[in-house]
């Protein structure tokens, strides 16, 4: 698992207050992890802080699963980070 | 019209995080005032307040939900759950019943701490970093909304906002709804948590707060010559109001009956009371008229009594004007001498104290009344609680904007 993926999963576990081992790649935030739309926005804010990114609202709507978040962040990291 | 009784009480106050702790400390003449610990108040003219101590929201709100609730809503939910249990209401009432149970929770300001924290984020990090929980946590009706979600109350739900009369308006309006048969059961009261950097600075700027920093326990001293302003408090007080026939049918314990509600406005000044407490006079008179109460039956008034130089005199004059010679036979006390001023929560907390005073036949004292102001010449139950069986008691709450509320409660059974 990449360093980025570990950090993403840790943020998810912390913000949704769930055990890290429940944060599986295929888990969907709303259906599987008990998040609501507000919690997802809050999570995206935490990703933006952690990775110094700006995630547009249109992308936020597409981040449904843990893997979606990892993929988006990995492909948008500033050069030299991660 | 249906008769309305109080069957449940829940309190989170500076005297304790429960009904029993608050009432025990109250009749023991304890003060809930101390140095401000919620933020660094070193630079403030007033560095003390009546904070809620020993409170944890977690028995009442799931940890992961806490970020949805400002401190004021956490107090409200805790008090509401305690009131619900105190009333002996079941956790599994059918939907058809819960459709007719509502909640009105008054708050003077709302989620002030939430507003301040998120505003800091806005200034430091920009508009795109403001949390989606800011608005839901900050808005003033969310205490009522959270109470509804926690207890599954599907009837009418809103907040009253009328400064320091907010909680009293909530109880009064809920009383009307049950009287009229719109609801069988209502949860009503107030909540507030405004001991924040901006909140204290704002009241300090108005010169409304006591600055007796060397003696905080003696700072809230209604009717005393040395009073120099109120002491900020925080917390929540929620009552379960219930149609009397409904309460009797389920064998509920009844704390007191709500018998009258009077609400007026001074139409005079943003913060100063009208001369002779004119609007307060009409609120008390209206509560008596509303309940067809002979003034001679009133044995106790839980006063607004904030410990401000003007307000205490005007309330005293208003009581004299309404009751004439009887004003000197009834007892008046200010529980704010012990709790501080809970602003929008005060009306709920003090309605609960008034119900308890009737039920326990014990009048809470006014502490710190060492040297009564000659302009304040009533029986204020100084220093120590007093045993007295009272037939009818009033509770007064007045707010900025000239708003005045009096609730009348009667001993039941």
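Chain A holds helices (runs of 4 or more DSSP H) entirely within its bounds, and those carrying 3 or more residues that are surrounded by 14 or more Cβ atoms within 10 Å (Cβ to Cβ) and within 9 Å of the chain's Cα centre (by Cα) map to A:3-16, A:37-51, A:66-76.
For the structure I just gave you, tell me whether residue A:61 is more than 13 Å from chain B (Cβ to nearest Cβ) and in contact with a strand residue (DSSP E or B) (Cβ under 9 Å, 6 or more places away or on another chain).
Numbers: more than 13 Å from chain B (Cβ to nearest Cβ): yes; in contact with a strand residue (DSSP E or B) (Cβ under 9 Å, 6 or more places away or on another chain): no.
In short, no.
Of the listed requirements (1) closer than 18 Å to residue B:61 by Cα; (2) within 14 Å of chain A (Cβ to nearest Cβ); (3) within 25 Å of the chain's Cα centre (by Cα), residue B:143 misses just one: (2).
Just checking, does the stretch B:133-140 include any residue being more than 14 Å from chain A (Cβ to nearest Cβ), within 15 Å of residue B:76 (Cα to Cα), in contact with a helix residue (DSSP H, G or I) (Cβ under 6 Å, 6 or more places away or on another chain) and not in a helix (DSSP H, G or I)?
Here is the first cut: in the stretch B:133-140, the residues more than 14 Å from chain A (Cβ to nearest Cβ) are B:140.
Now narrow it down to the ones that are within 15 Å of residue B:76 (Cα to Cα): B:140.
Checking the rest, the ones that are also in contact with a helix residue (DSSP H, G or I) (Cβ under 6 Å, 6 or more places away or on another chain) come to none.
Checking the stretch B:133-140: not a single residue is more than 14 Å from chain A (Cβ to nearest Cβ), within 15 Å of residue B:76 (Cα to Cα), in contact with a helix residue (DSSP H, G or I) (Cβ under 6 Å, 6 or more places away or on another chain) and not in a helix (DSSP H, G or I).
Per this entry, residue B:227 is not counted among residues that are more than 14 Å from chain A (Cβ to nearest Cβ), surrounded by fewer than 23 Cβ atoms within 10 Å (Cβ to Cβ) and either in a helix (DSSP H, G or I) or touching a residue at least 60 places away in the same chain (Cβ under 8 Å) (or both).
Given the criterion free of Cβ contacts under 8 Å to residues at least 24 places away in the same chain and more than 15 Å from the chain's Cα centre (by Cα), identify the matching residue among B:377, B:370, B:294. Before you say what the answer is, go through the steps one by one.
Numbers: B:377 fails: free of Cβ contacts under 8 Å to residues at least 24 places away in the same chain; B:370 fails: free of Cβ contacts under 8 Å to residues at least 24 places away in the same chain.
Of the residues listed, the single one that is free of Cβ contacts under 8 Å to residues at least 24 places away in the same chain and more than 15 Å from the chain's Cα centre (by Cα) is B:294.
Of B:57, B:29, B:103, B:78, all but one fail to be more than 14 Å from chain A (Cβ to nearest Cβ) and farther than 22 Å from residue B:137 by Cα; the exception is B:29. Scanning the stretch B:90-106 for residues that are part of a loop (DSSP other than H, G, I, E, B) and either farther than 13 Å from residue B:150 by Cβ or not assigned by TED's automatic domain parsing to the domain that holds residue B:169 (or both) returns B:90, B:92, B:93, B:94, B:99, B:100.
Scan the stretch B:117-127 and tell me whether some residue there is surrounded by 22 or more Cβ atoms within 10 Å (Cβ to Cβ) and either under 30 Å from residue A:58 (Cβ atoms) or within 14 Å of another protein chain (Cβ to nearest Cβ) (or both). No, the conditions are met nowhere in the stretch B:117-127.
Could you list all residues from the stretch B:249-262 that are in contact with a helix residue (DSSP H, G or I) (Cβ under 6 Å, 6 or more places away or on another chain) and not in a loop (DSSP other than H, G, I, E, B)? The answer is B:256, B:258, B:260, B:261, B:262.
Screening residue A:52 with (1) without any contact (Cβ under 8 Å) to a residue 12 or more places away in the chain; (2) within 14 Å of chain B (Cβ to nearest Cβ); (3) out of contact with any helix residue (DSSP H, G or I) (no Cβ under 7 Å at 6 or more places or on another chain) gives one miss only, at (1).
As for the stretch B:60-72, it holds no residue that is away from chain A (no Cβ under 14 Å) and over 25 Å from residue A:36 (Cβ atoms).
The values are calculated or read from the model by the stated rules, or taken from the named source; none is laboratory data. Owing to the predicted nature of the structure, the values given are computational and were not obtained by experimental measurement. Quick reminder, even Gly has a Cβ in these numbers, built from the backbone with ideal geometry, and neighbours come from all protein chains shown.
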